[in-house]
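Okay, structure first, notes after.
The values are calculated or read from the model by the stated rules, or taken from the named source; none is laboratory data. The structure displayed is predicted, hence computed values, not measured ones. Ideal geometry is used to build each Cβ from the backbone, glycine not excepted, and the neighbour counts take in all protein chains shown.
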Amino acid sequence: MPDLTWYRQKRVDGGIRTGIELGEDTIFGRFEEGSEEEDPTLIWFVDLRCKGPNLPDDPLAARQWLLDHEGMIRDGFLECASDFEAGRDNVPFPLLWSGFSSVPDGIEMVIACSTNRRRWGTSVPSLLRETASHWRELIEQLTPAEWVGRGVT
C-alpha cells in the first residue's frame, strides 16, 4: 500500500526543508538556506501523511495527485487550524488531525505537526493557514530528487 507524505520543516538555523516522500524515498524537495550558523535541530514540522491502495506509486503522478486534490487539502489545513486556534500544550508527540470533510475512497489522510518550543506551539494555527494559502506554490517549487529527475524530460 503506497504511502505519500508531504512535509515542511523549519530548523533552528532558519533553514526550511520541504519535500514529498513516496514510501521511504524522497521524490521531490527544496531547501531554503538559513542565515545563522548551521544547526539542523527542528523548531517545527508539519506533514500531510496519506496512505491507501488508491494512491499513485509513480513520483510524477504522486506530485500531481497532491495538486489535483488541492481544494480538499487546503480545506483540511484550514479546519485543522481552526480546531487548534487556542494553541496546544507542548507535549512530546505530534498533533495528529484526521478531520478532513471528504477524502478520496481508499485513502487515509492525517495532518501531523509539532514544535519544540512552547512559543512556537501557539503559532501552529498560523503555520497551518500559511500552508493552506500557499499549497500549490509549495508543491510547484519542489524539484525532483536526482533519481526521479533522470526520468523527467
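Looking only at the range 8-35, residues that are in contact with a helix residue (DSSP H, G or I) (Cβ under 8 Å, 6 or more places away or on another chain) and among the β-branched types (Val, Ile, Thr) come to 3 in all. If only residues of the range 45-85 that are small (Gly, Ala, Ser) and within 16 Å of the chain's Cα centre (by Cα) are counted, the one that is surrounded by the fewest Cβ atoms within 10 Å (Cβ to Cβ) is Gly71. Of the candidates Arg74, Arg136, the single residue that is at pLDDT 85 or above, more than 19 Å from Ile27 (Cα to Cα), charged (D, E, K, R) and in a helix (DSSP H, G or I) is Arg74.
Among the residues of the range 71-78, is there at least one that is among the charged types (D, E, K, R) and under 19 Å from Glu140 (Cα atoms)? Yes; the residues of the range 71-78 include at least one that is among the charged types (D, E, K, R) and under 19 Å from Glu140 (Cα atoms). In a residue-by-residue description of the range 26-44, the property of being within 13 Å of Leu4 (Cβ to Cβ), among the hydroxyl-bearing types (Ser, Thr, Tyr) and surrounded by 14 or more Cβ atoms within 10 Å (Cβ to Cβ) applies to at least one position. Scan the range 10-58 for residues that are of a type outside the set (Val, Ile, Thr), free of Cβ contacts under 8 Å to residues at least 40 places away in the same chain, more than 19 Å from Leu95 (Cα to Cα) and assigned to a strand (DSSP E or B) and the total you get is 4.
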